[in-house]
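The values are calculated or read from the model by the stated rules, or taken from the named source; none is laboratory data. Please read these numbers as outputs of a predicted model, since none were measured by experiment. When we count neighbours, we look across all protein chains shown, and the Cβ atoms used for this are built from the backbone with ideal geometry, even at glycine. We work out accessible area using only protein heavy atoms, side chains counted, and drop any ligands, DNA or RNA first. Shrake-Rupley method; radii C 1.70, N 1.55, O 1.52, S 1.80 Å.
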Amino acid sequence: MTSVLYRSDAARGRAWAEYFAHHAPDVDFHVWPDHGDLADVAYLVAWQAPPELLAALPNLKVLFSSGAGVDHVDFAAIPPHIPVVRMVEPGIINGMVEYVTMAVLALHRDLFDYQARQARGAWEPIEVRAASARCVGVMGMGVLGQAVLARLAPFGFRLRGWNRSERASEGVEVFAGPEGLAPFLAGADILVCLLPLTDATRGILGAEVFAALPRGAAIINVGRGGHLDQAALLAALESGQLSRAVLDVTDPEPLPADHPFWRHPRILLTPHVASMTQPETAAPVMLENLRRHQRGEPLLGLIDRDRGY
Ligand code: NAP
């Protein structure tokens, strides 16, 4: 019998186990710490896969990350013949689309300014700017970046995207590669980071990028905390080069209690909740991938170890 070991949040694991019991009775699904016979485990679903666990799974065939990003995965500890697959599932996509749309609209309609004005008892309208007069730029046109751009389109924003490789996207002005970065930034009033964290993107939200944005631009970081140069953000907010930042991710998570971001009047912090793997939508995707593997078909969300995403 095929055996799956789920080693992540146990409460969510129970929902996965129920799904497999109903839809794949031929699969022996275990939720950690109930791991059954480790020698039978062919598929591991985990956020972290410690080397000692991997060493105890002699018949492991595929490692499934329980999240969308894999920057936390130590690839050196995973035998090269084991494919690593990330989570690409509708629950994660919908959550991210909701979060970024919320943040873009809140920035666009000056919600954070009104919150501050209300606290002062000030009834002070800000001139409303048409969505068509505002440009949203998305860094990373992958599964999430493209879904976000598609959902923002009906509001009428001007849209642009920046990607490693060229990518055609209707209604989106696309820029590619390092040489496309400065022209991309030059027109982005609201900058959204949806890049994976790699050696090439670490610290990318820094002084150079902020200086290339239009004065008063806002940023939304939903990628990883490591994308952001924190000192550069504070300096850009202080100088007025940036007006606001919405940060769902930080480095470290959580930030220390005395970190300036906590009480900064122009930073909104959320505790890495933009989107999360949803058992109801993730379990079917993982099962589909398991079946693909059994049939010898390409896996969805396969990580390219050389690229790191
Ligand atoms: P994805 O499908 O792998 O897309 C990544 C995109 O980034 C690709 O289009 C890729 O371009 C582009 N890219 C990579 N390196 C680049 C570089 N150096 N320069 C320019 N573009 C580059 O990933 P995804 O599913 O959209 O997820 C993106 C990230 O979102 C994840 O890695 C994770 O860190 C983050 N995330 C955050 C949360 C949260 O709750 N905050 C939740 C889920 C995911 P190519 O196609 O040309 O390679």
| Which listed residue is on the phi > 0 side of the Ramachandran plot and under 15 Å from the mean Cα position of the chain (by Cα), from G156, G145, G140 | G140
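Test L299 against the criterion of being open to solvent by less than 40 Å² (accessible area, probe 1.4 Å) and free of Cβ contacts under 8 Å to residues at least 60 places away in the same chain, and give yes or no. Steps first, please.
Details: open to solvent by less than 40 Å² (accessible area, probe 1.4 Å): yes; free of Cβ contacts under 8 Å to residues at least 60 places away in the same chain: no.
The answer is no for L299.
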| message | Looking at Y99 and the list (1) surrounded by 15 or more Cβ atoms within 10 Å (Cβ to Cβ); (2) without any contact (Cβ under 8 Å) to a residue 60 or more places away in the chain; (3) touching an Asp or Glu at 6+ places or on another chain (Cβ under 8 Å), which single condition is not satisfied? | response | (2)
| What's the number of the condition R307 fails, among (1) surrounded by fewer than 19 Cβ atoms within 10 Å (Cβ to Cβ); (2) outside the structural domain of L44 (by TED's automatic domain parsing); (3) more than 15 Å from the ligand (Cβ to nearest atom)? | (3)
| said: Quick test for you: out of H272, H293, pick the one residue that is within 13 Å of the ligand (Cβ to nearest atom) and open to solvent by 50 Å² or more (accessible area, probe 1.4 Å). | reply: H272
| What is the residue count in segment 102-119 for residues that are open to solvent by 80 Å² or more (accessible area, probe 1.4 Å) and part of a loop (DSSP other than H, G, I, E, B)? | 1
| said: I'd like to check which strands (runs of 3 or more DSSP E) are fully inside segment 120-235 and have at least 2 residues that are in the same structural domain as D110 (by TED's automatic domain parsing), open to solvent by 20 Å² or more (accessible area, probe 1.4 Å) and within 14 Å of the ligand (Cβ to nearest atom). | reply: 158-163, 172-176
| Could you say which residue among Y43, Y6, Y19 is open to solvent by 40 Å² or more (accessible area, probe 1.4 Å), of a type in the set (S, T, Y) and either on the phi > 0 side of the Ramachandran plot or in contact (Cβ under 8 Å) with a residue 12 or more places away in the chain (or both)? | Y19
| request: Taking A76 as meeting all but one of (1) away from the ligand (no atom under 16 Å from the Cβ); (2) touching a helix residue (DSSP H, G or I) at 6+ places or on another chain (Cβ under 6 Å); (3) farther than 23 Å from R244 by Cα, write down the number of the exception. | output: (2)
| said: For segment 72-95, give me each residue that is surrounded by fewer than 17 Cβ atoms within 10 Å (Cβ to Cβ) and over 15 Å from N289 (Cα atoms). | reply: H72, D74, F75, A76, A77, P79, P80, H81, N94
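Would you check if A257 is farther than 30 Å from Y6 by Cα and assigned to a loop (DSSP other than H, G, I, E, B)?
yes
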